[in-house]
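Structure, as structure tokens:
The values are calculated or read from the model by the stated rules, or taken from the named source; none is laboratory data. Just so we're clear, the structure is a prediction, and the values are computed from it rather than from any experiment. Backbone-built Cβ (ideal geometry, glycine too); neighbour counts: all protein chains shown.
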Amino acid sequence: MTRPLETISSASNPLIKSLKSLERKKGRAETGLFLAEGARLIGQGLANGWKADSLIVAASMADRPHLAELIRQAEASGARVVLAADKLMSRITHKDNAQSVVAAFHQRHLGLDALPQDGNGLFVALYEVRDPGNLGT
């Protein structure tokens, strides 16, 4: 039998405040975390060895099989897993149509020496990107 998950219903909860701060560079720099939204992105992060600090799942969606699997993976990796009232998911992400799951991951800072040296890679270097959306465009 698994233990019941912690449930958060207040926007004044310290975890919710911390996650909301990750929208700003200052919040990410202070905590060493970044926010990932959506089951696919979070699943890829966990599968590729990124260390999750916390996983927040919309309480109304937690019983869906793919989210239950993410919960299991996050717990196995040592992440704090909580359920949140649906209205809080929009507050965390600052979006009207929030994803049903978000995670805070630990940042990784790698030097150039960590890049593969086989000569077959393609590298893109970015400096002071002001609008990351433009990069995708």
- Message: Among the residues in region 114-134, are any in a loop (DSSP other than H, G, I, E, B), free of Cβ contacts under 8 Å to residues at least 12 places away in the same chain, surrounded by 10 or more Cβ atoms within 10 Å (Cβ to Cβ) and not polar (S, T, N, Q)?
- Response: yes
- Which listed residue is over 20 Å from Ser10 (Cα atoms), at pLDDT 95 or above and surrounded by 16 or more Cβ atoms within 10 Å (Cβ to Cβ), from Leu55, Leu67, Leu33: Leu33
- Query: When you look at Ile92, is it in contact with a Lys or Arg (Cβ under 7 Å, 6 or more places away or on another chain), closer than 21 Å to Thr7 by Cα, assigned to a helix (DSSP H, G or I) and among the aliphatic types (A, V, I, L, M), yes or no?
  - Reply: yes
- Residue in region 11-27 that is farthest from Ala58 (Cα to Cα), counting only those that are over 15 Å from the mean Cα position of the chain (by Cα) and part of a loop (DSSP other than H, G, I, E, B): Ser12
- Task: Scan region 1-10 for residues that are surrounded by 14 or more Cβ atoms within 10 Å (Cβ to Cβ) and part of a loop (DSSP other than H, G, I, E, B) and jot them down.
- Result: Leu5
- Tell me which of these Ala104 doesn't satisfy, since it passes every other one: (1) out of contact with any helix residue (DSSP H, G or I) (no Cβ under 8 Å at 6 or more places or on another chain); (2) outside any helix (DSSP H, G or I); (3) among the hydrophobic types (A, V, I, L, M, F, W, C); (4) surrounded by 10 or more Cβ atoms within 10 Å (Cβ to Cβ). (1)
